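Would you mind keeping the following structure in view while I ask a few things?
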Amino acid sequence: MKKIKVACVISGGKDGIFGYYQSVKKYNVAVLLNLNDNNKDVSFHHYQKELVALQAKAIGLPLIQKTVVAQYRNQNLFEEQIFDIFSKLKKDGIRGVILGYVLTGDYQHDLLKRICSELEIKLILPNYKRNSKIVLTEIIESNIVAIITSVMKGKIAREWLGKPIDKKFLKYLMNKKNIDFCGDKGEFHTFVVDAPFFKKKIYFNEIEKNKIPLKDDFYEYCLKIKKYSFQDR
């Protein structure tokens, strides 16, 4: 049976890359899609969009990067922009969209479900509402190397910033309370620098650790990736 042609949404983090890994045998993943709410950095991740372009190059697929208005700023425009982007994908022969997230708000899930239904394209959610501890374990066992790029105050210790997601980190999370193992409540974010299906590895050659305020007394410690390179292993 011929595989349907699909797009995979990625942010640079572990979930989107793992979603690609899970789906590539079942679907013809033809393009990667990266959506952000500004022209410089990946939304909520604080690293440069150019790093996502390197990931696409490492995987060997074309990348579409689009800037969309933040949903909380203009919900109607946000919905229109997502519909237009997915509509253009369909015109280009895409018949499904992969998203690797485990948890998401009901609004986002319902919106994507509605848009895909209207356009008659398949919404592919390999991990939606799965046990996040199991998902994180599978990511680690798949040898996807994801670096922790931000941690939230009071949730994850600052010392983990810049370290990989591995069995030591999983053990650390097992001793925490009120933590989502995949960080889907904002506890941490990641960037994938290597995977078995990457042609080359991404290196962080120069980094800084910054404190970024969120609201009230909440803030994140984040990596500022000042220099990076793309090299053979």
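What's the number of the condition N127 fails, among (1) more than 30 Å from Q75 (Cα to Cα); (2) touching a helix residue (DSSP H, G or I) at 6+ places or on another chain (Cβ under 7 Å)?
Tallying (1) more than 30 Å from Q75 (Cα to Cα); (2) touching a helix residue (DSSP H, G or I) at 6+ places or on another chain (Cβ under 7 Å), N127 fails exactly one: (1).
Could you go through the range 19-28 and let me know if any residue there is under 22 Å from S150 (Cα atoms) and either at pLDDT below 95 or crowded, with 21+ Cβ neighbours inside 10 Å (or both). Break it down into steps so the answer makes sense when it comes.
Narrowing the range 19-28 to residues under 22 Å from S150 (Cα atoms): 19.
After this cut, where a residue has to be either at pLDDT below 95 or crowded, with 21+ Cβ neighbours inside 10 Å (or both) as well, the list is 19.
Looking through the range 19-28, at least one residue is under 22 Å from S150 (Cα atoms) and either at pLDDT below 95 or crowded, with 21+ Cβ neighbours inside 10 Å (or both).
Determine if the range 148-163 includes at least one residue that is closer than 30 Å to G96 by Cβ, modelled with pLDDT of 95 or more and either surrounded by 12 or more Cβ atoms within 10 Å (Cβ to Cβ) or outside the structural domain of V193 (by TED's automatic domain parsing) (or both).
Within the range 148-163, not a single residue is closer than 30 Å to G96 by Cβ, modelled with pLDDT of 95 or more and either surrounded by 12 or more Cβ atoms within 10 Å (Cβ to Cβ) or outside the structural domain of V193 (by TED's automatic domain parsing) (or both).
From (1) in contact (Cβ under 8 Å) with a residue 60 or more places away in the chain; (2) more than 15 Å from the chain's Cα centre (by Cα); (3) closer than 21 Å to D184 by Cβ, pick out the condition that doesn't hold for A70.
Condition (1) is where A70 drops out.
Do we have any residue at all in the range 195-202 that's closer than 28 Å to G60 by Cβ and outside any loop (DSSP other than H, G, I, E, B)? Let's see the steps before the verdict.
Let us first name the residues in the range 195-202 that are closer than 28 Å to G60 by Cβ, namely 195-202.
Within this subset, residues satisfying the condition of being outside any loop (DSSP other than H, G, I, E, B) are 201-202.
Yes, that holds for at least one residue.
Please name all residue pairs, on different chains or six or more residues apart, with Cβ atoms under 9 Å, provided the first residue is in the range 114-140 and is within 30 Å of D166 (Cα to Cα) and part of a strand (DSSP E or B) and the second residue is of a type in the set (S, T, N, Q) and modelled with pLDDT of 95 or more.
Pairs found: L123/S117; I124/S23.
Here's something else I'd like to know. Can you run down the residue pairs with Cβ atoms below 6 Å, 6 or more apart or on separate chains, where the first is in the range 79-99 and over 21 Å from Y21 (Cα atoms) and the partner is among the β-branched types (V, I, T) and assigned to a loop (DSSP other than H, G, I, E, B)?
Q81/V68; K90/I121
Out of L119, L112, I need the residue that is touching a strand residue (DSSP E or B) at 6+ places or on another chain (Cβ under 9 Å) and assigned by TED's automatic domain parsing to the domain that holds V29. Which one? Write out each step before concluding.
Details: L119 fails: touching a strand residue (DSSP E or B) at 6+ places or on another chain (Cβ under 9 Å).
Every option except L112 fails the conditions.
Quick check on this structure: which one of L136, L111 is buried (at least 18 other Cβ atoms within 10 Å of the Cβ), modelled with pLDDT of 95 or more and not charged (D, E, K, R)? Give the derivation first.
On the way: L111 fails: modelled with pLDDT of 95 or more.
That would be L136, the only listed residue that is buried (at least 18 other Cβ atoms within 10 Å of the Cβ), modelled with pLDDT of 95 or more and not charged (D, E, K, R).
Moving to a separate point now. I'm trying to understand the selection: among the residues of the range 74-107, which are out of contact with any Asp or Glu (no Cβ under 6 Å at 6 or more places or on another chain) and within 21 Å of I179 (Cα to Cα)?
T104, G105, D106
To keep it simple, each residue is scored yes or no on (1) in contact with a His (Cβ under 7 Å, 6 or more places away or on another chain); (2) closer than 30 Å to F86 by Cβ; (3) of a type in the set (V, I, T).
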| position | (1), (2), (3) |
| --- | --- |
| I124 | no, yes, yes |
| Y128 | no, yes, no |
| N131 | no, yes, no |
| V151 | no, no, yes |
| K171 | no, no, no |
| K201 | no, no, no |
| K211 | no, no, no |
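So which residues in the range 56-82 are surrounded by 14 or more Cβ atoms within 10 Å (Cβ to Cβ) and in a helix (DSSP H, G or I), if there are any at all?
A56, K57, A58, I59, F78, E79, Q81, I82
Given (1) surrounded by 20 or more Cβ atoms within 10 Å (Cβ to Cβ); (2) assigned to a strand (DSSP E or B), identify the lone condition not met by N210.
Going through (1) surrounded by 20 or more Cβ atoms within 10 Å (Cβ to Cβ); (2) assigned to a strand (DSSP E or B) one by one, N210 breaks only (1).
Across the range 29-43, which residue is surrounded by the fewest Cβ atoms within 10 Å (Cβ to Cβ) among those that are in contact with a Ser or Thr (Cβ under 8 Å, 6 or more places away or on another chain) and under 30 Å from K211 (Cα atoms)?
Checking each candidate, the answer is N39.
The values are calculated or read from the model by the stated rules, or taken from the named source; none is laboratory data. Keep in mind the model is a prediction, meaning the values are calculated, not measured. Every residue, glycine among them, receives a Cβ derived from its backbone with ideal geometry; neighbour counts consider all protein chains shown.
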